[in-house]
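> Here it is, the structure in full.
The values are calculated or read from the model by the stated rules, or taken from the named source; none is laboratory data. Everything quoted here is computed from the prediction, not taken from an experiment. Note: ideal-geometry Cβ built from the backbone for every residue, glycine included; neighbour counts use all protein chains shown. Side chains are part of the model used for accessible areas, which takes the heavy atoms of the whole protein and leaves out ligands, DNA and RNA. Shrake-Rupley method; radii C 1.70, N 1.55, O 1.52, S 1.80 Å.
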Amino acid sequence: FINPYSQRYNMTMTIASQEAVEETAKQRQEDSDIKGYNVELNENVGSIVSNPIEINKQIIKGVVRAKLNKRRHLVIPGAISPTYLDYLMPSIVADLFQPQTVTYNGGVANIKQWKISCYLEVMESGIPCTNPHEGLKSHCRELLDTCNNLFASWYRQQHACNDKTTSSYKVDEEGNPIVSRLMTFITRYTPAPDENALLKHVDGAGKVDGSVVVALPIDRWTASEEENSFEGHGGGLTFWDGRTKRSANGTRGPEEIVYDTRSGDIAFIDRAVWHQANPITRGTRWALVIFYKVER
């Protein structure tokens, strides 16, 4: 497999002073392409996006590279500020996270009963549950809105110059697609059977236009980081995407690409791209997942 994180870099934002916060706001105003990415909280937490201008450049450059390799996904390290996520997580892990048990007819990745996710938003028909957690949704509202803007920016780049069936969508005043969240949930993986991974699958059974996965911090609030860490014991994401290649056993298929994701990393996934949340054998692993519809 290919591991694009072999030379991993850290894009974590450090807020040193009020001047740094003000400079970030100034940059955001100067670059209309990334308008709406951030919500300012305070000088100690800073912005939701680590570096708005740099992340916008990373999306553009990343999509170009992805298209050259016929890939329909993109992972950007540290796009969401780990500092902001550390601010958000204590209430989630200590109080708000209340997983609902969901039964799937055919099973999601061969798991018929899924009980490690808390749903913030569900589809209009009440799929997969009828009791989404409004309090958790309210707590994560700014992060969800930021993900909307990031996904729209990525989708615009990913589908530029495509055929009309995928590129003819409604746009906002800045030319970005108008997107809406179909389903939103937070998942806590554990080493227990049927809770340690979500194996090879496509999101929404291929019926959504795209999705986002945000890696959340290791839980350092309900127990020690050492106890809850999965470092060195699995995790991350695997994609089967891109150019068709012949494997060691002679079969042909898309590349297998593994990402060793950490807090703040964001994955943009196009419709019906095969991927998985890799198993862990220790600790807990948290992720935010959003399914999207693009208005046409």
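> How much net charge surrounds VAL213 when only the other residues with a Cβ under 11 Å from the Cβ of VAL213 are counted, with Lys and Arg +1 and Asp and Glu -1?
Neighbourhood net charge equals -2.
> Report the paramagnetic label zone for ARG243: residues of the stretch 53-90 whose backbone N is under 20 Å from a point 7 Å from Cα along the Cα-to-Cβ axis.
The answer is 61-75.
> For the charge dipole of the stretch 184-292, defined by +1 on Lys and Arg C-beta atoms and -1 on Asp and Glu C-beta atoms about the Cα centroid, which residue among ILE280, THR184, ALA248 has the Cα displaced farthest towards the positive pole?
Final value for the positive-end residue is ALA248.
> I would also like to ask the following. What net charge is computed for the residues neighbouring GLN58, neighbours being all others with C-beta under 12 Å from the C-beta of GLN58, Lys and Arg scored +1, Asp and Glu -1?
+1
> Okay, next question. Taking a probe of 1.4 angstrom, what is the accessible area of HIS233 in Å², to the nearest 10?
Its heavy atoms expose roughly 70 Å² to the probe.
> Could I ask something else about it? Rounded to two decimals, what is the ratio between the C-alpha radius of gyration of the stretch 130-208 and 2.2 N^0.38 Å?
Rg over 2.2 N^0.38 Å, computed on Cα atoms: 1.39.
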